[in-house]
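This report refers to the structure that appears directly beneath it.
The values are calculated or read from the model by the stated rules, or taken from the named source; none is laboratory data. Since we're looking at a predicted model, the values are computed, not measured. When we count neighbours, we look across all protein chains shown, and the Cβ atoms used for this are built from the backbone with ideal geometry, even at glycine. The protein model used for the area step is the full one, side chains on, heavy atoms only, and it has no ligands, DNA or RNA in it. Shrake-Rupley method; radii C 1.70, N 1.55, O 1.52, S 1.80 Å.
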Amino acid sequence: MDSLITAAARSLAAGDPLAALKRVALRDDPPARALRGIAMAQLGAFPRARALLRDAARAFGPKEPA
């Protein structure tokens, strides 16, 4: 895991979804998609969050640790 993903996860854990979105907004890798989905869920955008988490789960693949 790289430092931006770690920092975004810490922001989400602290309850600051906007800070997390700032860190991973332009990334398209599976961990970033998953963190964006969690941040969107914290903000109340549930349909968008569901779509992002579904895309992230597909992108991780069966052998990737989630």
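If you plug the beta carbon distance of R48 and D16 into 1/(1 + (r/R0)^6) with R0 = 22 Å, you get a FRET efficiency near 0.75.
The overall shape of the chain is oblate: from the C-alpha gyration tensor, with semi-axes ordered a ≥ b ≥ c, the ratio a/c is 1.5 or greater and a/b is no larger than b/c. Here the Karplus relation 6.51 cos²θ - 1.76 cosθ + 1.60, evaluated at θ = phi - 60°, turns the backbone of the range 42-52 into coupling constants of 5, 7, x, 8, 5, x, 5, 4, 4, 5, 5 Hz, with x for every Gly and Pro.
If the segment from L26 to A59 were pulled out straight at 0.36 nm per residue, it would be longer than the present Cα-Cα gap by 10.2 nm.
When the accessible area of the chain is computed with all protein chains present and a 1.4 Å probe, what percentage of it is carbon and sulfur? Can you show the working numbers first?
Numbers: 2540 of 4310 Å².
Roughly 59 percent of what the probe reaches on the chain is carbon or sulfur.
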